[in-house]
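Q: This is the structure I want to talk about, given as structure tokens.
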Amino acid sequence: MGTFLSRKEEQALIDAIGKAEDRTSGEIRVHIETKCDSDPYQRAIELFYELKMNDTKDRNGVLIYVATEDHKMSIIGDQGINQMVPEGFWNETLQLMRMHFSAGQFSAGLSLAVEHAGEKLRTYFPYQRDDTDELSNDISFGH
Ligand code: CA
Ligand code: CA
């Protein structure tokens, strides 16, 4: 694998997450690893719990998961946000991300997914004055 994201792109993605979270109480995380032996949706659920993303006050965490070498990816939301978004919303976001990835635009694809998730989160979970950053904005890296 070449470099999936440069340092600069990583920082830009972290900034995009921060910017999205400035306008919502929701929490967005990105997990990147090289391989995924199982179904990416199942793997994302596993990671969701591993990263304690189910532990938000309003159950409004969103995980964007990518296995770079296996070209597998998934986007999942906790029950709070899942109840609100239209059916198929995560899949549409995933398709958009995949399109960018196919063109080699990894950074753009991920940023777009973060923006999309952020838009929906701020619609249903607007920023609260007492909001805290419940989950780190840093990218989580697997193996
Ligand atoms: Ca928050
Ligand atoms: Ca956060």
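The values are calculated or read from the model by the stated rules, or taken from the named source; none is laboratory data. For clarity, every value in this text was computed on a predicted model and none was experimentally measured. So basically every Cβ, Gly included, is an ideal-geometry build from the backbone, and we count neighbours across all protein chains shown. Note: areas computed on protein heavy atoms with side chains; ligands, DNA, RNA excluded. Shrake-Rupley method; radii C 1.70, N 1.55, O 1.52, S 1.80 Å.
Q: Return the only residue of 136, 74, 107, 111 being closer than 19 Å to residue 33 by Cα, within 16 Å of ligand 1 (Cβ to nearest atom) and of a type outside the set (A, V, I, L, M, F, W, C).
A: Details: 74 fails: within 16 Å of ligand 1 (Cβ to nearest atom); 107 fails: within 16 Å of ligand 1 (Cβ to nearest atom); 111 fails: within 16 Å of ligand 1 (Cβ to nearest atom).
After applying the criteria, what remains is 136.
Q: Filter the range 74-111 for residues that are crowded, with 18+ Cβ neighbours inside 10 Å and of a type in the set (Phe, Trp, Tyr) and give the result.
A: 90, 101, 106
Q: Here's something else I'd like to know. Within the range 1-12, how many residues are open to solvent by 50 Å² or more (accessible area, probe 1.4 Å), modelled with pLDDT of 95 or more and either assigned to a loop (DSSP other than H, G, I, E, B) or within 19 Å of residue 80 (Cα to Cα) (or both)?
A: Count: 0.
Q: May I pose another question? Those residues that are open to solvent by 50 Å² or more (accessible area, probe 1.4 Å) and farther than 18 Å from residue 67 by Cα, I need them from the range 13-53; list them, please.
A: Within the range 13-53, 15, 19, 22, 23, 52 meet the criteria.
Q: Restricting to the range 1-30, what's the tally of residues that are of a type in the set (Asp, Glu) and within 17 Å of residue 132 (Cα to Cα)? Reasoning before the result, please.
A: Here is the first cut: in the range 1-30, the residues of a type in the set (Asp, Glu) are 9-10, 15, 21-22, 27.
Cutting the leftovers down to within 17 Å of residue 132 (Cα to Cα) gives us 15, 21-22, 27.
Count: 4.
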